[in-house]
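Here is the structure we will look at, set down as structure tokens.
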Amino acid sequence: MVTIDSSPRRVPLPPPQSTCAKLKTRMKETFFPDDPFRRFNGKPPATKWLLGAQFLFPILEWAPTYSFSLLKADLVSGLTIASLAIPQGISYAGLANLPPIIGLYYLKNSILCDQTIQDGLSNLIYH
């Protein structure tokens with residue numbers, strides 16, 4: 001027979017902090033959930049420059065290992081998304097009583113903005 005310990009567990013309170021320290025901790029956790037510059041610590045200057053360029057231009061990191069099979073998969077996924085997004089953009093423009101071309105312009109701009117934001121976020125989160 002298994003016995004279960006039902007005694008309450010006590011969690012200690014965190015040590016008191018000043019308001020400024022709390023604000024600094026919360027801002028750091030919000031904007032830098034994982035230290036994006038940890039890869040730069042203790043590296044020679046040339047390596048820091050390379051890592052900095054890869055941070056700003058992610059293509060420099062993944063392009064050397066990119067293969068033809070990945071290109072085929074990317075083309076299929078791009079065509080799939082386009083086949084869904086183009087009619088959706090045209091339909092939304094129609095719902096707003098706008099010409100269909102406006103929906104396509106919106107689609108182009110949203111793709112560019114989304115990709116820019118995703119690249120920046122992936123640099124902060126995954127590196």
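Below are the figures for this structure:
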item	result
Count of segment 1-32 residues which are in contact (Cβ under 8 Å) with a residue 24 or more places away in the chain and exposed (fewer than 10 other Cβ atoms within 10 Å of the Cβ)	0
Number of positions in segment 82-127 that are β-branched (Val, Ile, Thr) and at pLDDT 85 or above	4
Some residue of segment 52-67 being of a type in the set (A, V, I, L, M), under 30 Å from Thr25 (Cα atoms) and modelled with pLDDT of 85 or more	yes
Ala82 vs. criteria free of Cβ contacts under 8 Å to residues at least 60 places away in the same chain, part of a helix (DSSP H, G or I) and surrounded by fewer than 12 Cβ atoms within 10 Å (Cβ to Cβ)	no
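Here is a yes/no grid of residues against (1) in contact (Cβ under 8 Å) with a residue 40 or more places away in the chain; (2) surrounded by 10 or more Cβ atoms within 10 Å (Cβ to Cβ); (3) in contact with an Asp or Glu (Cβ under 8 Å, 6 or more places away or on another chain):
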position	(1), (2), (3)
Lys43	no, yes, no
Gln54	no, yes, yes
Ser69	no, no, no
Lys72	no, yes, no
Leu95	no, no, no
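The values are calculated or read from the model by the stated rules, or taken from the named source; none is laboratory data. None of these values were measured; they are calculated from a predicted model. Positions of Cβ are backbone-derived with ideal geometry, glycine not excepted, and every protein chain shown enters the neighbour counts.
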